[in-house]
Amino acid sequence: EAVIDIKGVTKTYVNGKLQVPVLHGIDLQIFEGEFTSIMGPSGSGKSTFMNILGCLDRPTDGFYRLSGEEVANLDDDQLAFVRNKKIGFVFQSFNLLSKLTAQENVALPMVYGGVDKVTRMERAAKLLTDLGLGDRIDHLPAELSGGQRQRVAIARALANDPSIIMADEPTGNLDSKSTLEVMNIFLNLYKEGRTIILVTHEPEIATYASRNVVLKDGLILEDKPNLNMAKIE
Ligand code: ADP
Ligand code: ADP
């Protein structure tokens, strides 16, 4: 069964009397362990689609089954619950809390997961150590480089051990060395069997994915396996 099973998804924004149709009926199935890139020009609907995929927003119409559960019509609280349990997010601008240490940032999602404090802090330290930041756990985000911050954000995305990782332009603010480090981490997560969805506008970044989806004008224009998938360096 598909982890993500989307059928006929549309999205129309309503601003007063103005209706802005953005997604026009998307069908997409993503299977466990796939590493899917979503590309497309600015305005093609990538952010809108990611918000729906990530249970941050609901489609106007259509079906969305996430690991077997229909989520298209859940209310905000139910969506938040599903999101926290099943999905880890990585953003272009890291979105770390500036007054919390790396360890505290990584521990935070576990608060909502109901994990006790000792376990939270231990697990956060372990996740950071696994990503090469064992000597940085007490640092504030401002004391870390961009690449280190993004690794903290990836550790945070893994805090509740989600089966799906969604990343929106995760290397958009990184230099080429940090980009390589971060993409190697995604390749390792792929090897572990996690399902990864990566939005990017850079063709070079899409080469890391096992499957390449292209959106255009709110529809899937192209969807094909990547036979030249990048390898861990
Ligand atoms: P992308 O991420 O590919 O740039 P978006 O999903 O951000 O695409 O936007 C697709 C289109 O939807 C754009 O034309 C944008 O202006 C419009 N749009 C996005 N959000 C809203 C909104 N809240 N209200 C009205 N129009 C929106
Ligand atoms: P991105 O850089 O991720 O593509 P956008 O610039 O498309 O982001 O959108 C940024 C925010 O503004 C989003 O929350 C989106 O919903 C909102 N937005 C985009 N276009 C419009 C619009 N035409 N009307 C209202 N809100 C919009």
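Structure summary
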| item | result |
| --- | --- |
| Selection count, the stretch 160-186, where residues are within 16 Å of ligand 1 (Cβ to nearest atom), buried (at least 22 other Cβ atoms within 10 Å of the Cβ) and not in a loop (DSSP other than H, G, I, E, B) | 2 |
| Residues of the stretch 72-95 that turn out to be closer than 30 Å to ALA142 by Cβ and open to solvent by 30 Å² or more (accessible area, probe 1.4 Å), as a count | 7 |
| Sole exception among (1) closer than 29 Å to LYS11 by Cβ; (2) under 18 Å from the mean Cα position of the chain (by Cα); (3) open to solvent by 30 Å² or more (accessible area, probe 1.4 Å) for GLU69, by number | (2) |
| Residue pairs meeting the criteria (Cβ under 8 Å; at least 6 apart or on separate chains; first near ligand 2 (Cβ under 9 Å from one of its atoms), in the stretch 39-63; second open to solvent by less than 60 Å² (accessible area, probe 1.4 Å) and hydroxyl-bearing (Ser, Thr, Tyr)) | ASP57/THR48 |
| Residue count for the stretch 188-206, restricted to those that are in contact (Cβ under 8 Å) with a residue 60 or more places away in the chain and under 18 Å from SER163 (Cβ atoms) | 7 |
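Let's see how each residue does on (1) within 16 Å of ligand 1 (Cβ to nearest atom); (2) part of a loop (DSSP other than H, G, I, E, B); (3) farther than 17 Å from ALA157 by Cβ; (4) in contact with a helix residue (DSSP H, G or I) (Cβ under 8 Å, 6 or more places away or on another chain):
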site: GLN29; (1), (2), (3), (4): no, no, yes, no
site: SER42; (1), (2), (3), (4): yes, yes, yes, no
site: THR48; (1), (2), (3), (4): yes, no, yes, no
site: ARG65; (1), (2), (3), (4): no, no, yes, no
site: ASN84; (1), (2), (3), (4): no, no, no, yes
site: LEU96; (1), (2), (3), (4): no, yes, no, yes
site: ALA107; (1), (2), (3), (4): no, no, no, yes
site: MET110; (1), (2), (3), (4): no, no, no, yes
site: LEU127; (1), (2), (3), (4): no, no, no, yes
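The values are calculated or read from the model by the stated rules, or taken from the named source; none is laboratory data. Values in this document were obtained by computation on a predicted structure and should not be read as measured data. Neighbour counts run over all protein chains shown; Cβ positions are idealised from the backbone, glycine included. When the accessible area is computed, the model is the full protein with side chains, heavy atoms only, and any ligands, DNA or RNA have been set aside. Shrake-Rupley method; radii C 1.70, N 1.55, O 1.52, S 1.80 Å.
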